[in-house]
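Written out below as structure tokens is the structure these notes cover.
The values are calculated or read from the model by the stated rules, or taken from the named source; none is laboratory data. This is a predicted model, so every value here is computed, not measured. All Cβ positions, even for glycine, are placed from backbone atoms using ideal geometry, and neighbour counts span all protein chains on display.
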Amino acid sequence: MDDKIVTFESYYDPMLAHIVRTRLEANGISCFIADENTIGANPFYNQAIGGVKVKVFEKDLERCREILASEGDLHEQDHFEIDDETNTYVICPYCASTNISNIAEDNTPGVLNSIMNLVNPFQTQNNWHCNNCQQNFE
């Protein structure tokens, strides 16, 4: 066949790319994932190569858009958190996901916590929560 393969969408989180792939395949669309192994080997290449790509035949592009439009946009879950201390992207050490939320580990009660943050804003320790594998890490 002479059908051209094109990138349908790119995701920074490999899990979201696989969710999209399975949704498309469930609707009869032939597709595959590209660049997942490169990012799996070194997650810091994620932004350099443009994320994990979902590849489809060009003739299926419009149908793919229709399928995902009815399912909702997953890109709102696909983002990077930046660690202020190291100025780098935060990547889960357990599953290499970038679907991370910032949580602060703090045992100080309410008003006292506010006062302590004004006096010493660096007293809280940044911790992260992975929204994919549900692990917490520093």
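Annotations for the structure displayed:
- Set side by side, the residues Ile33, Ile29 differ, and just one is of a type outside the set (Gly, Ala, Ser), at pLDDT 90 or above and in a loop (DSSP other than H, G, I, E, B), which is Ile29.
Per-residue answers, yes or no, for (1) closer than 20 Å to Thr88 by Cβ; (2) without any contact (Cβ under 8 Å) to a residue 24 or more places away in the chain; (3) surrounded by fewer than 13 Cβ atoms within 10 Å (Cβ to Cβ); (4) touching a strand residue (DSSP E or B) at 6+ places or on another chain (Cβ under 6 Å):
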site: Ile5; (1), (2), (3), (4): no, no, no, yes
site: Asp13; (1), (2), (3), (4): yes, no, no, no
site: Ala17; (1), (2), (3), (4): no, no, no, yes
site: Gly28; (1), (2), (3), (4): no, yes, yes, no
site: Glu36; (1), (2), (3), (4): no, yes, no, yes
site: Asn42; (1), (2), (3), (4): yes, yes, yes, no
site: Ile49; (1), (2), (3), (4): yes, yes, no, no
site: Lys53; (1), (2), (3), (4): no, no, no, yes
site: Glu62; (1), (2), (3), (4): no, yes, yes, no
